[in-house]
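Structure, as structure tokens:
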Amino acid sequence: MDESKSTLTEEINDESVSYTDDSLFNITSFGTDLSFREIISMYQDGDLEKPELQRKYIWTKNEASRFIDSILLGLPVPSIFLAKTIDEKRLIIDGYQRIMTVFDYVTGIFTGDGKIFKLSNTDNINERWRGKAFKELTPEEQRKIRNSSIHAIVFEQKHPQNDTGMFQIFERINTSGRVLKPQEIRNCVYHGEFNALLFKLNKIQVWRDILGLLNEDSRMADIELILRFFAINDFKNYEHKNKNVKQINLTKYMNEYMSSLNNIDEKKAEILTSSFEEVLNYLFTTLGKKCFRTLKIKDEKVVFAKKVNPVIFDAVSTATSFVIQKRIELPVNDVFEKRYIKLLINTDFISATTNRTTNTENIKARINLATTILFGVHYEWNI
């Protein structure tokens, strides 16, 4: 199975384009050697942070044991990459598995299974410490682990004072064995209150019902959709400030949007939560699992796709949010479903959701069509 493809959303080719910009020119880096004693202390004190809700620890006990074995043998270990945050902390960019392996071994519990961490009792581990926990090592061996150093490359974004350049650093520097999806990188870079809110909203039952998935998506496609909901709902502000922009890079736009809300207050979080829930409740009540799916006519019957189409999601959710905010009367179930089908087979809407989907005029066109056909009103772009 190709892990790069989502089982939740349809792939939109126009939206998978990466980018580079001048924020990379404002990234500086320096190297430093840190002992594992320092790293453990920094982690315990909160000065070294794993990205919020970081991908799970994935090393097996044997892989972790081999890494400890290498340290005890005095072998060189690969460098780690850290980011210096505005508040002088260090954020782990790459090297989480290595750091947590040593942390777990020294503190005694293996993250992988929650049990006492004893090195594997196998031939590929030196017999001197094979099958032993940290406390069972000699004092010299314990000091060897604590005093061993690992080279760290530390990145700092000088300007602007946000993490827009760090996204590109994460994207380019990754040794986890798989290409990270944009939302996985955002989860690492923008680890503030808004990111935590996205995870909270992702657990809402009506949202899980619409997606048709009990468990959260391992590649964060569901969380990215929630970010997308807020970002496209706010597109009128972007369009108002950037009237001459004909095309957007969606990845960059959502990065900048997420960065702008990184540390939202409780009141703003409540407003966003209410907006998201109101839209979901109405659409699920009227459409059920037909929400945000394309359709085909098969044997004279309407058949809806299983996967969510992100572009249809944009248009329908933004239009629905608009009419709810304007307190416009909402159509009842049967009427709305007929209008929804009418929208999906509209040739202009099909064009705006399949061709050049990141073209600003097409973004506006599909939102306009959704608002007019579904609710009988015009979307207001004036701020």
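Data overview
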quantity: Output for region 334-354, where each listed residue is buried (at least 18 other Cβ atoms within 10 Å of the Cβ), aliphatic (A, V, I, L, M) and out of contact with any strand residue (DSSP E or B) (no Cβ under 9 Å at 6 or more places or on another chain); calculated: Leu343
quantity: Test result for Ile232, of a type in the set (Val, Ile, Thr), touching a Ser or Thr at 6+ places or on another chain (Cβ under 8 Å) and under 28 Å from Asn368 (Cα atoms); calculated: yes
quantity: Top-ranked residue of region 355-383 - restricted to ones that are without any contact (Cβ under 8 Å) to a residue 12 or more places away in the chain and assigned to a helix (DSSP H, G or I), ranked as surrounded by the most Cβ atoms within 10 Å (Cβ to Cβ); calculated: Asn362
quantity: All helices (runs of 4 or more DSSP H) inside region 243-347 with 2 or more residues being under 21 Å from the mean Cα position of the chain (by Cα); calculated: 250-260, 266-287, 310-325
quantity: Positions within region 106-135 being more than 37 Å from the chain's Cα centre (by Cα), more than 18 Å from Arg37 (Cα to Cα) and of a type in the set (Lys, Arg), in sequence order; calculated: Arg128, Arg130, Lys132
quantity: So Gly74, is it at positive phi and of a type outside the set (S, T, N, Q); calculated: yes
quantity: Lone qualifier among Thr294, Thr318 - being out of contact with any helix residue (DSSP H, G or I) (no Cβ under 6 Å at 6 or more places or on another chain) and hydroxyl-bearing (Ser, Thr, Tyr); calculated: Thr294
quantity: Subset tally (residues that are under 14 Å from Thr318 (Cα atoms) and either more than 26 Å from the chain's Cα centre (by Cα) or outside the structural domain of Val316 (by TED's automatic domain parsing) (or both)) for region 354-368; calculated: 2
quantity: Where Val335 falls short, out of the listed (1) β-branched (Val, Ile, Thr); (2) modelled with pLDDT of 90 or more; (3) under 30 Å from Arg356 (Cβ atoms); calculated: (3)
quantity: Some residue of region 232-245 being assigned by TED's automatic domain parsing to the domain that holds Thr320, crowded, with 21+ Cβ neighbours inside 10 Å, among the hydrophobic types (A, V, I, L, M, F, W, C) and closer than 26 Å to Phe170 by Cβ; calculated: yes
quantity: Test set (1) surrounded by fewer than 19 Cβ atoms within 10 Å (Cβ to Cβ); (2) in a loop (DSSP other than H, G, I, E, B); (3) at pLDDT 95 or above - Ser70 fails condition number; calculated: (2)
quantity: Residue count, region 111-148 (criterion: modelled with pLDDT under 95 and in contact with a Phe, Trp or Tyr (Cβ under 7 Å, 6 or more places away or on another chain)); calculated: 2
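The values are calculated or read from the model by the stated rules, or taken from the named source; none is laboratory data. Only a predicted model underlies this, so the values are computations on that prediction, with no experimental measurement involved. Every residue, glycine among them, receives a Cβ derived from its backbone with ideal geometry; neighbour counts consider all protein chains shown.
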